[in-house]
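Notes for the one structure printed next.
The values are calculated or read from the model by the stated rules, or taken from the named source; none is laboratory data. These figures come from a predicted structure and were not determined experimentally. Every residue, glycine as well, gets a Cβ built from its backbone with ideal geometry; the counts of neighbours run over all protein chains shown. The accessibility values were calculated without ligands, DNA or RNA, using every heavy atom of the protein model including side chains. Shrake-Rupley method; radii C 1.70, N 1.55, O 1.52, S 1.80 Å.
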Amino acid sequence: MTTDKHTLVIGGTGKTGRRIVTRLRALGHHVRPASRTTPTPFDWENPATWDTALHGAHAIYLTPHPYNLNPAPQITNLLSRTTARVVLLSARDVPDDFGAEKAVKATTDDWTILRPTWFNQNFSEDYFKDSITAGNLTLPAGHGLQPFIDADDIADVAVTALTTDGHTGRTYDLSGPELLTFADAVTHISTATARPITYTPVPAADYLTTLTAAGINHDYATLITGLLHRIAEGGDAYLSDGVQHVLGRPARTFADYVATTWPQKTP
Ligand SMILES: NC(=O)c1ccc[n+]([C@@H]2O[C@H](COP(=O)([O-])OP(=O)(O)OC[C@H]3O[C@@H](n4cnc5c(N)ncnc54)[C@H](OP(=O)(O)O)[C@@H]3O)[C@@H](O)[C@H]2O)c1
């Protein structure tokens, strides 16, 4: 086992985590990605895996268990084993991200909290990818506005907080630079790729029924449905300036994300 001081990236295979690993390595830092599938295994559900991952860590990027709606006890247990600086991936429009923020603040003074909105990369790497590929995205988000943020911007902010001073005790709300509907986002991708892709808004109750019929845990399905319905009601229709504040540059636009992520139509 290496004893070099390293940065532990919990969720190091995830949308933000793997970008942070790449950036830290490019800067010459020792990095240990950690998840169920990394060379150093880390499983939130198996505390016996935690100490090996924590050994020698002077800073931690902490992605909470993505499907645990009560992650606070796990976070409290983990952080009681370390004195490392912590940068927590929380979320902007979930109150205290189910107690994760409170748990971090209660166990260390050396914390920074990142609260991003919905990621651009959900369209290409996660939740919405299969629907976009199939040509229709159906969600209970209505025509509400949402400032999608790029995972590359979150990673840049996280690396800054992990490697430079002045971010302890700070909470950064992070959004993209513009308000878009899901229809706008889908149109961007459809236009760039010259493929017909539609967006269909549906009532929240219908969406919840679809998710639970697909076998998704009812509590988790209720959470996701509620967050999307909140967009329909206008609850996410505001910008946050965390990217500009921390990085001194504007956040990346959705059009820029599409241009660099999706295969473009040939002229
Ligand atoms: N996606 C968004 O739009 C969004 C917006 C705001 C906030 N967030 C927050 O971001 C966090 C990450 O969510 P995400 O959906 O974007 O996922 P993600 O970070 O792309 O992927 C989840 C990560 O967790 C790891 N993981 C899953 N189960 C695990 C377990 N039992 N033990 C250890 N690691 C485990 C996965 O790796 P392995 O599969 O290799 O274990 C992966 O690295 C969540 O807390 C969410 O609230 C997400």
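Hey, with R₀ at 22 Å, roughly what FRET efficiency would Ala26 and Ala259 work out to, going by the Cβ-Cβ distance, to 0.05? My answer for the efficiency is 0.45. Residues whose amide H falls under 5 Å from that of Thr198, counting only those 5 or more places apart or on a different chain, are Asn136, Leu137, with hydrogens built in the peptide plane.
Can you work out the base-10 log of I(q)/I(0) for the chain at q = 0.15 1/Å, using the Debye formula on its C-alpha atoms alone? Log10 of I(q)/I(0), two decimals: -1.15.
The residues neighbouring Arg230, those whose beta-carbon lies less than 13 Å from its own, together hold a net charge of -2 under the Lys/Arg +1, Asp/Glu -1 convention. For the chain, the share of DSSP beta bridges that are antiparallel, to the nearest 5, is 5%. Based on every Cα atom in region 1-116, Rg and the maximum pairwise Cα distance Dmax equal 13.0, 39 Å.
Here the label points at Asp206 and Ala192, each 7 Å from Cα along the C-beta direction, are separated by 2.8 nm in the simple model. Between Lys105 and Glu233, the modelled labels are 2.4 nm apart [label points 7 Å from Cα along Cα→Cβ]. Carbon and sulfur together cover what percent of the accessible area of region 1-116 at a 1.4 Å probe radius? Answer for region 1-116 is 52 percent, counting heavy atoms of protein chains only. Full extension of the chain between Asp96 and Asn68 gives 8.7 nm of extra length, using 0.36 nm per residue less the Cα-Cα distance. For region 1-116, the solvent-accessible area works out to 45 Å² per residue, with a probe of 1.4 Å and every protein chain left in place. With a Förster radius of 41 Å applied to the beta-carbon distance between His245 and Ala213, the computed FRET efficiency rounds to 0.45. Karplus-based coupling profile of region 19-26, in residue order and whole Hz: 5, 5, 4, 4, 5, 5, 5, 5, with θ = phi - 60° in 6.51 cos²θ - 1.76 cosθ + 1.60 and x standing for Gly or Pro. Simple point charges give the picture: +1 on the Cβ of Lys and Arg, -1 on the Cβ of Asp and Glu, and for the chain a dipole about the Cα centre of about 620 debye. Calculated [222 nm] ellipticity per residue, helices only, for the chain: -11000 deg cm²/dmol; basis is -39500 (n - 2.57) per DSSP H run with n ≥ 4, divided by all residues, nearest 500.
Shown here for region 198-254: chymotrypsin sites (Phe, Trp or Tyr not before Pro) in loop regions (DSSP other than H, G, I, E, B) with at most 16 other Cβ atoms within 10 Å, namely Tyr238.
What do you get for chymotrypsin sites (Phe, Trp or Tyr not before Pro) in region 58-108 restricted to DSSP loop and a cutoff of at most 15 other Cβ within 10 Å of the site's Cβ? Intermediate results must be reported in sequence, preceding the final value.
Details: sites: Tyr61, Tyr67, Phe98; in loops: Tyr67.
Loop-located and lightly packed - Tyr67.
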